[in-house]
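S.K.: My questions will all concern the structure given below.
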Amino acid sequence: MNDRTGSTSVFRRLTEYPVLAVLASVGFIVWAAVGLGSLEKDTSLRAFIPVDHPSVVAEEAIEDIFGIGDAFAVALEFRGNDATVFTRDALALISRLTEALGGVDNIDRDRIASIATESSITGSQDGVEVASYVAADEADIDPERARARWLAMPPHQGTLVSFDESSALILFEIEDVERAAETYAAVRGVIDSLDRPDVIASVAGPAAVSAYLSEKIDRDARLLQPVVFLVVLLFVYIAFRRVGSTVCVLAVVAGTAVGALGIMSWQGVAYYAITNALPVILVAVAVADAIHVLSHYYQLRAADPAMPVRDAVIESMQTMARPIFFTSATTAAGFCGIALASIMPPIGYFAWYAALGVALAWVFSMVTLPNAMLLLRLEPSPAFGSRTVREPGAVGKWLLAMSALGTRRPVAVLTVFAAVTVAAVYQATELRFDRSQVENFSPRESIRQADAFINSRFVGTTSIDALIETAEPDGVLSAEAMSRIVALQAFMEQQEHVTLTVSIADYLSLLHAAIEGDTADARALPDDDDAIRQYMFVYEASGDPTDFEEEIDASGSRALVRGMLNTVRFSETRETVEAIQRYVDESFDGSLAESVDGTALTATLGGNANTTYHWMTRLESSHFRGVALSLSMVFVLSALVFRSILIGLVAVVPVAFTIVLLYAVMAAFDIYLEPATSMFAAISVGLGVDFAIHLIERLRRARATEATFADAVGRALPATGRACFFSIVALGLGFSVLTLSGLPMLQRFGGLVALAAFASFLTTLLVVPSCFVLAERLRADRADRSRIAAGIVALAAAVGFVAAPTEVQAETPTAQWVAEQVADRAEAPRTRRVIDMTLTNRRGREKQRQAVVLKRIDSPQSRVTRITFLEPRAIRDTTFLSQDRGAKGEDRWLYLPATKRVRRIPASDRGDAFLGTDFSYEDIQSELKFDLDEYDFALVADADAEGYTLAGKPVSAGIATELGFERFVATIDAVSFLPRRIEFFGRDPTPFKVVEVRRQELIDGYWTATEIFAEHVRNEHTTLFVYRDVTYPEELDPQHFDPAFLERTLPAELRIAP
Amino acid sequence: MTRRSWRAGLAICGVVVAPLVHGAAVEDYRLSTSVAYAVAVDTGQRIEQALSVAGEASLRVSDALLWQVGARASFDTALRLRPNRDNERIFIHAGRFNRRVPVGSAGDIELREFYLEWQGGQNRARLGRQQIAWSGMDGLPTFSVNPSDYHDFILEDEARRRWTQWGIYLDLLLSGWRFEGAAFFDNSVHDVPDPGSWFEFTAPQFRFGFAVDDAANAVAIDTRLPDTIRDATYALRLSRRFGNAGVALVGLVGNEHEAVGTLETGTAVPTLRRSFPRRRLAALTVDTGLGPAVLRGEFVVHSNRVLNVRSGDTLATVELDTLTAGVGADLSLPLDVFANIQLLIDRIQDAPVGLVKPERNDLVTLTLRRAFFYDTLNLEFRWYHDPDIGDSFGQARVGYSFSDSLAVELHGAWFTGSFEGRFGQFADRDMLKLAIRYDF
C-alpha cells in the first residue's frame, strides 16, 4: 500500500508540468538528432577486429608499404569458337577499356593493371628485355608475340589472362573508398557501353563487392526501415484506434532510438554494419513499453469512461511501472551480458547502446509518455469498447484459449515443448560459422555471377599475404631470404584453394632465367647475395623501377608474398590460413639467418582471407559465451526481482527457446553465423524477455486474489496478453516488410526477427502458465512430485544427450578447459599504462609509487616490459627493463639516473618480490595467467556466480621452488577469465599470499585488470596496483625497449596521461 | 667567493633563467640533503661533520631540447676529509672552469651538471658540463673517461665520485650499431686528498715514490696542467647487441688524470715538475646474462703509458704498455641475496727496476647485498683484496628507510695490509660514519 501511495505521489509530481516535460523530451530528441548528423559510418571488415590486432596492423602495413588494397576487377570473357584474348582485336579492346577506366573519376590511374599495362621479362641478345605485351599503336600489336611472352611469365597467368586464355581481367584500385559505390556505378556505365555481343563484361573483386553491398544495404535499409516503422505505427493505431496513442508511441520510440543513436554519435562511436539492427531492437523495446501503458490506460477508461484523464494516467503508470522496470532491467542485463562477453568492438558497442536504449525507453515511458497522454487527453478507445478486464474481447479470448492449453494440460504442453526444444537443439547443432560476403547478393545478381566467374577462370579474388621483414636495408635481397621466400611460396601453393603465389622471387628468377638462359619455372635463383642485388639493378636499368613496388619496398628490407585463393568462404579458407600461419610461426620466427648478416627474418600474415579468419575466429570464441552470459544475467535479474529462482528460470525459458529456434531455422536454411546474423540472438533477448516478465508479474498479482493459478491466468492474461500481442504483431509484421528486399541479408534479417517475435510470444503464452500451474500442482500433490521430477530429469538428460556434440559442449568447464581459457585470454600486443602503487606495512604506513609501464608482445616467446618510475621524485626515471624470451630465459636491465648508467642485472627467481612489492615477477609478467605446462590443474568447485574455482600445483619441485609456492587456488571470472582472487600456499594449510583483482574493465576488446591487490599474510604487508590511462596503441617505438635507450627520457605523450 | 666566481654563478643563473623566461618548463627537479658524521675507530676523533645539499633540475626548452643543471654544496665543519680551501692544494688539480667555489671556510659549491641536450629520433647530443661512464665494472672501473674525486676514498656512488667535465657528446644509432663520441675540452684531473686530510695518499706509489716522511719531500713543486684545447680528451665507443650479449669497443685519447713527475736537482731547491701526459687506450667490454647471473668482461690496453721510475734521488719517466682486464659476475643467490664478484688484473709490461707503480696490481672484489622488509632495511658488505700485496679493504653498511624521503645509513670501513699498498696505507684510518638523507 505504501508502495502504491509512494508511486502515486511520484507520478503526480512527474506529471505536474506536462508541457515542460514534453518540451524537455523534444529538446533531448532534437539534441540527439543533431548528433546523428555527425554519425560516422564504418562498414569495413576491419572494424570488427581491434585496431592493434596483428592482422589489422599487418594489413595496414601492407597497404602503406606496397600500396596494395582491395581491388575492383573487370572481367572480359570473349565468346565464340576458339575465343582467345590473344587476337589483335581483343588486345586492342582491352587496351581501350583500360584507358577508358583510367579516365573514370576516383580510379587511381597509377593502380590500374591489365595485359595492356604490364610488361614481361625475357632474355635477349643484350641480356634482359623488359617489354610491354601490347604495343601503344593498335597496328603494331603482335598477338603471337604477346602470347609467347605471357606464357613465359607465370605471375601473369591466371591474373591478367585466364588460364584457358579466353578471358582477361582489368584490375584497379580507387582513391576514395567512401565513393566506392559511385565508382562502381561509373564502371558499370563504361562496360555497359561496350556494345560487343561477343564479349561479356562484368565487375567484381573484393572492393566492388564491398562497395556494391554497402550501397545496396543502405538503399534497401533507407527504403524499407521507414516502411517498417510506419507499419509498426499503423498497427499501433489499429490496436488503439486513436491518433493520440500513436503519437505517444512515436514519442517513446523516437526518444529511444534517436536518443541512443544520437548519444552514440556524440560519443564518437561509429555506425558499423551491424548497427543497422540497433534501431530495430530499440523500436521493439520502446513500442512494447508504450503499448503496455496505453493498453492499461484504455482498459481503465473503458471500465470507467468518467474517470479523469489524469487519474487514469497515474493509475496506469502506477500499475505498469513495476513490470516495465523489470522488463527494462532484464533486457538491459541481457544486452550487458552480450557486451561484456564480446571481444569484437562493434558487437560490444551494439550491446552497450542497446542497453542504453532500453534505459532510455524506460525513462521515456515513465516520464514523456504520461505527460504526452495528459497533453493529448486521450479519449477512450473504441477498440476497447466497454469491456472490462474480466470481459475479454476477441483477442483476449483467443489468448485465453491458447493459454488454457497450458493451464489444463501443463504436463502435455511442457512435454511437447521439451520435444520441440530437443528437435530444435538437434537441428541447431548443424549451425556453422561461415562467411562469404558475395553470398549476401542474390544468385541472380551480376556481381555474384562475376565473382564466381573470376574464381573459376582466374586465380581468384581472395588474397592471403605474407609481409616479410628484416631490420637491414636490402635484407630481403639476399640468397638466404630469397630461399625462405621461395620455400614459403611452395608451401602456400600446396595448400587447398591456393592457386598462385607471387613475390619478388618470381621476378628475380625470371631475370635469372633470362640472363642465364635457363628455364624460369623452378624459381631458381643464385645463392649469392650480390648477384640477387645486381638482378634488381639490372631490372631497374631495363624496366620501370616502380614495377616491383607491390613486391618489395624501396629499402629492400620488406617484401610481400601474395597468395590468391579461388574461394571466398571462411570455412574453406580457414585451414589454409591456419596452415600458413603455423608455417610462418615456425620458419619466420625472428631467428637469425646466417647469411643475412645476422638479420632476423620475420613474417606477418595479411590479406582479406587472413582478416576474415581473425574476424570469424573471434566471433566463434565469443558468440556462445555472450549468449550464455546474456541468458545468465536475465536469469539472475529475474530471480532477484521476483525473489525466486524458479521464476528466474521460467522467465528465461522463452528467450532461450527463441534463440535455439532461431539457430535451428538458420541451420535448416543454411544461414550461417556471421557477425550480422549473430545479432539475432541479441534481438531475441530484446524481444523475448518482455512478455514473460509482464505475464509473470500480472500472474503473481492475480494469484493473490484468485484461488488457483489457472484462475489467475484467466484474470491476468487478457489484459497483458493483448498488449503483448499487439506489440509482437506490430513488430512481427513490421519486420516482415524487410523480406521484400532484394538482398538475402535483409530478407533473412526481417524474416528471422519476425520469427523471433512470434516464437517468444507463443512460447511465453504456452509455457509460462504451464510452469506455474505445474508448480502449484506439485506443491499440492506430493505423489505427483517424484513422477514429474523423473520426467524432468529424463527430459534434461535427453536435451543434454542431443546437445552433447555441439560446439557449446566443447566448453564444458573442466579444469584444463578453464586453465586454457585463462591462458588464452587475449592480450594486446602493445600496452601502455600508468600504475599507482600503494605499499602499506603492518603499521599502516604507506609508500606511494607511480610508474609508466610499456609492454610489447611480439610472440608468446618474446615479451618486453619497461617500467619507468615517475614518482616519488627521488627515484624518478629509474627504469626497469625485462626482455622475457620464454624458454631462452630473461634479460633485465636497470637504469639509475643517479649513476647515469644502464646496468644489466641478473634475473632473479620468478617468485621473487617484484621491485619491493608483494607481487612476484611471475604475477606481473604472466599478467595473471597460468602456464599450462607448469601446473596440474583441478576444479575445486563447480562454477557459481563468482566464477570457477581452479587449483593449480606446480608439476615439479623445481618449478615450485622457482615460483615460491607449493600450490594456488584461484577464483576465475567466468566472463573475462581473469582471476578474481588467487591464494598462494606454502606448506601450511593457510595461504601466505593473496592476490585479488578488484576491478576489471574491457578496454578496446581486452579484459584488463585495472586494480590488483596483493597481501602478504605473514608479513601483514599489502600492495595495491591501480592501473590507469590504459591504452593499447598500434605500435610502440622499439627504441623504448632497447637497453641502450633507457637513459633517455620517455616522450611526454607516454609519460603523461593522454 | 671571488668576483670571478660570482660572475660565473651569475652567468650560469642567466643561462638557466633565460630559457625559463622564454617559456621553458621545469620538467623535473630534485633536492637532496644529507647530514654525515664520521669518527675514527682507533681514536674516536671526529673526522667529518658535514651537511651536503645536492640539487638538479631539467628545463624543457622545446620537444627536442633540454637543459640539465645540477649542483652540490658541501659544508664540513670537521674539515678532516678536505682540510684546505685555498685552491692551492699540492696534489689536486681541478680545471680552471671546473673548480669548487668556496663558501666561507667550511664549505664549497660544485657545479655538477650543466648541459644542453638535444634529442632527435634515435640520436642525441649534449653540450656542456657532463660525465660519461663506459666501464661496467663495479666500484673500480678498468678505465675512466672523466677524472675522479678521491676525498672520500671509495664511494659506492660512482657518479658522485666522478668529476663532470666540459665537452660535447654525441650518441647516434645506425643500423643497430650505437656510436658514441665525446670530446672534453677541460683540463681537470683527479682531485686527490690534501696533506693532512683523512684519506691523504701516503703510499709511495701515489707520491712519485716518496714516503710521507721522506726528506725528499722538501721540494719545490711545479705543475704543468694539460692545455684545455690542445690536450682535449677524445673518446669513441661503438657498441651493439648480438643476441644476448652486449659488446662495445672503446678508443680514447686524452691526458692522464694522475700526475707523473720528474725531479730536477740542479737548482738550490730540488723541483718536482709534475705533468699529465697524453694517454691512448683501447678497450673491449662484453656483458651477457645467463638467467640468475650477469657476466661482464673488460679488456683495456694502454699504449706507451707514461709512468714514473725512481732510482735514488732521480725521478724519471718511462713509456710502457699496460694491460688491464676485469671479469665479474652479478649473481642472484638464494634468499634474495645479491652478490657481485670481480677479478681485476692490472699488468705493466716490461716493467723496469724502480718503477713507482707496482708491476702487478690485481684485485679481487666481493659485494653482498640483501634487502629486508620490502627494501626498508638494506645490508651491504664489500670486501676488496689485493692478492699481490695482501692488503684489504672491508666495508659494511646498514641502511634504513623511514620513508621515500628519509633514510639513515651507518657504515664502517676498515683497512688492513702493508702501508705501501693501496688499502694498507689507510690501515690506521678505520672509520665509522652515520649519515641521514632527506629528499625533498
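S.K.: Residue A:734 - would you say it is modelled with pLDDT under 75 and crowded, with 21+ Cβ neighbours inside 10 Å?
M.R.: yes
S.K.: In the stretch B:402-435, which residues are within 14 Å of chain A (Cβ to nearest Cβ) and aliphatic (A, V, I, L, M)?
M.R.: Passing the criteria: B:406, B:407.
S.K.: Right, something else. Scan the stretch A:904-922 and report the pairs whose first residue is at the interface with chain B (Cβ under 7 Å from one of its Cβ atoms) and farther than 15 Å from residue A:982 by Cβ and whose second residue is surrounded by fewer than 21 Cβ atoms within 10 Å (Cβ to Cβ) and hydroxyl-bearing (Ser, Thr, Tyr), with Cβ atoms within less than 6 Å and a gap of 6+ or a chain change.
M.R.: A:906/B:332; A:908/B:332; A:916/B:374
S.K.: For the stretch B:391-426, which positions are surrounded by fewer than 19 Cβ atoms within 10 Å (Cβ to Cβ) and over 25 Å from residue B:372 (Cα atoms)?
M.R.: Those that are surrounded by fewer than 19 Cβ atoms within 10 Å (Cβ to Cβ) and over 25 Å from residue B:372 (Cα atoms): B:416, B:418, B:419, B:420.
S.K.: Exactly one condition in (1) more than 17 Å from residue B:70 (Cα to Cα); (2) surrounded by 20 or more Cβ atoms within 10 Å (Cβ to Cβ); (3) at pLDDT 90 or above is false for residue B:125; which is it?
M.R.: Every listed condition holds for residue B:125 apart from (2).
S.K.: Follow-up. So which of B:273, B:278, B:310 is surrounded by fewer than 20 Cβ atoms within 10 Å (Cβ to Cβ), more than 14 Å from every other protein chain (Cβ to nearest Cβ) and within 21 Å of residue B:132 (Cα to Cα)? Write out each step before concluding.
M.R.: Details: B:273 fails: within 21 Å of residue B:132 (Cα to Cα); B:310 fails: within 21 Å of residue B:132 (Cα to Cα).
Just one listed residue meets the conditions, B:278.
S.K.: Here's something else I'd like to know. Does any residue in the stretch A:460-478 that is at positive phi come within less than 9 Å, Cβ to Cβ, of a residue that is of a type in the set (Asp, Glu) and at pLDDT below 85 six or more places away or on a different chain, and which pairs are these?
M.R.: Cβ pairs passing all conditions: A:474/A:529.
S.K.: Yes or no: the stretch B:244-261 includes at least one residue that is modelled with pLDDT under 90 and within 14 Å of chain A (Cβ to nearest Cβ).
M.R.: Yes, the stretch B:244-261 contains a residue that is modelled with pLDDT under 90 and within 14 Å of chain A (Cβ to nearest Cβ).
S.K.: Also: Taking the conditions exactly as written (buried (at least 16 other Cβ atoms within 10 Å of the Cβ) and at pLDDT 80 or above), does residue A:759 satisfy them or not?
M.R.: For residue A:759, the condition - buried (at least 16 other Cβ atoms within 10 Å of the Cβ) and at pLDDT 80 or above - is met.
S.K.: Residue check, residue B:267 against (1) surrounded by fewer than 17 Cβ atoms within 10 Å (Cβ to Cβ); (2) in contact with an Asp or Glu (Cβ under 8 Å, 6 or more places away or on another chain), all met but one. Which one?
M.R.: (2)
S.K.: I would also like to ask the following. In the stretch A:855-885, which residues are free of Cβ contacts under 8 Å to residues at least 40 places away in the same chain and within 13 Å of chain B (Cβ to nearest Cβ)?
M.R.: A:869, A:871, A:872, A:873, A:874, A:875, A:876, A:878, A:885
S.K.: How many residues does the stretch A:886-895 hold that are surrounded by 17 or more Cβ atoms within 10 Å (Cβ to Cβ), more than 8 Å from every other protein chain (Cβ to nearest Cβ) and either touching a Gly at 6+ places or on another chain (Cβ under 7 Å) or among the aliphatic types (A, V, I, L, M) (or both)?
M.R.: Within the stretch A:886-895, residues that are surrounded by 17 or more Cβ atoms within 10 Å (Cβ to Cβ), more than 8 Å from every other protein chain (Cβ to nearest Cβ) and either touching a Gly at 6+ places or on another chain (Cβ under 7 Å) or among the aliphatic types (A, V, I, L, M) (or both) number 1.
S.K.: Next question. Can you spot a residue in the stretch A:159-178 that is assigned to a helix (DSSP H, G or I) and at pLDDT below 80?
M.R.: Within the stretch A:159-178 (the criterion being assigned to a helix (DSSP H, G or I) and at pLDDT below 80), the answer is yes, since at least one residue qualifies.
S.K.: I need the full set of residues from the stretch A:1019-1058 which are assigned to a loop (DSSP other than H, G, I, E, B), within 12 Å of chain B (Cβ to nearest Cβ) and either under 29 Å from the mean Cα position of the chain (by Cα) or on the phi < 0 side of the Ramachandran plot (or both), in order please.
M.R.: Across the stretch A:1019-1058, the qualifying residues are A:1019, A:1037, A:1042, A:1047, A:1048, A:1049, A:1050, A:1051, A:1056.
S.K.: Mind listing whichever residues of the stretch B:370-390 are surrounded by 15 or more Cβ atoms within 10 Å (Cβ to Cβ), out of contact with any Lys or Arg (no Cβ under 6 Å at 6 or more places or on another chain) and closer than 30 Å to residue A:1022 by Cβ?
M.R.: Answer for the stretch B:370-390, where residues must be surrounded by 15 or more Cβ atoms within 10 Å (Cβ to Cβ), out of contact with any Lys or Arg (no Cβ under 6 Å at 6 or more places or on another chain) and closer than 30 Å to residue A:1022 by Cβ: B:370, B:371, B:374, B:375, B:376, B:378.
S.K.: Taking the stretch A:110-125, which residues are part of a strand (DSSP E or B) and modelled with pLDDT of 75 or more?
M.R.: Kept after step one, since they are part of a strand (DSSP E or B), are these residues of the stretch A:110-125: A:110-113, A:119-124.
Matches in the stretch A:110-125: A:110, A:111, A:112, A:113, A:119, A:120, A:121.
S.K.: Separate question: Would you say residue A:493 is under 24 Å from residue A:167 (Cα atoms), over 27 Å from the mean Cα position of the chain (by Cα) and either within 14 Å of chain B (Cβ to nearest Cβ) or surrounded by fewer than 18 Cβ atoms within 10 Å (Cβ to Cβ) (or both)?
M.R.: yes
S.K.: Any residue at all in the stretch B:287-295 that is more than 14 Å from every other protein chain (Cβ to nearest Cβ), free of Cβ contacts under 8 Å to residues at least 40 places away in the same chain, surrounded by fewer than 20 Cβ atoms within 10 Å (Cβ to Cβ) and farther than 21 Å from residue B:347 by Cα?
M.R.: no
S.K.: So, one more: Does any residue in the stretch B:115-128 that is facing chain A (nearest Cβ under 10 Å) and within 16 Å of residue A:1051 (Cα to Cα) come within less than 6 Å, Cβ to Cβ, of a residue that is buried (at least 20 other Cβ atoms within 10 Å of the Cβ) and of a type in the set (A, V, I, L, M, F, W, C) six or more places away or on a different chain, and which pairs are these?
M.R.: B:117/B:66
S.K.: Also, I was wondering about something else. Read through the list (1) away from every other protein chain (no Cβ under 14 Å); (2) in a strand (DSSP E or B); (3) crowded, with 16+ Cβ neighbours inside 10 Å, then give the number of the only condition that residue B:328 fails.
M.R.: (1)
S.K.: Also, I was wondering about something else. Residue by residue through the stretch B:338-392, note down the ones that are within 25 Å of residue A:904 (Cβ to Cβ), within 14 Å of chain A (Cβ to nearest Cβ) and free of Cβ contacts under 8 Å to residues at least 40 places away in the same chain.
M.R.: Within the stretch B:338-392, B:338, B:339, B:341, B:368, B:369, B:370, B:371, B:372, B:374, B:375, B:378 qualify.
S.K.: For the stretch B:3-42, enumerate the residues that are modelled with pLDDT of 90 or more and more than 14 Å from every other protein chain (Cβ to nearest Cβ).
M.R.: Hits for the stretch B:3-42 are B:35, B:36, B:37, B:38, B:39, B:40, B:41.
S.K.: A further question follows. Quick one: residue A:697 ticks every box in (1) within 26 Å of the chain's Cα centre (by Cα); (2) touching a residue at least 24 places away in the same chain (Cβ under 8 Å); (3) assigned to a helix (DSSP H, G or I) except a single one, so which number is it?
M.R.: Condition (1) is where residue A:697 drops out.
S.K.: Would the stretch B:146-157 turn up any residue that is facing chain A (nearest Cβ under 10 Å), part of a strand (DSSP E or B) and touching a residue at least 12 places away in the same chain (Cβ under 8 Å)?
M.R.: no
Yes or no, residue by residue, for (1) within 14 Å of chain B (Cβ to nearest Cβ); (2) surrounded by 18 or more Cβ atoms within 10 Å (Cβ to Cβ); (3) more than 33 Å from the chain's Cα centre (by Cα):
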{"residue": "A:897", "(1), (2), (3)": "yes, yes, yes"}
{"residue": "A:939", "(1), (2), (3)": "no, yes, no"}
{"residue": "A:957", "(1), (2), (3)": "no, no, yes"}
{"residue": "A:972", "(1), (2), (3)": "no, yes, no"}
{"residue": "A:977", "(1), (2), (3)": "no, yes, no"}
{"residue": "A:980", "(1), (2), (3)": "no, yes, no"}
{"residue": "A:995", "(1), (2), (3)": "no, yes, no"}
{"residue": "A:999", "(1), (2), (3)": "no, no, no"}
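S.K.: Mind listing whichever residues of the stretch A:816-850 are within 13 Å of chain B (Cβ to nearest Cβ) and either crowded, with 18+ Cβ neighbours inside 10 Å or not in a loop (DSSP other than H, G, I, E, B) (or both)?
M.R.: Selection gives A:837, A:838, A:839, A:840, A:846, A:847, A:848, A:849, A:850.
The values are calculated or read from the model by the stated rules, or taken from the named source; none is laboratory data. Just so it is clear, the structure is predicted and the values come from calculations on it, not from any experiment. When we count neighbours, we look across all protein chains shown, and the Cβ atoms used for this are built from the backbone with ideal geometry, even at glycine.
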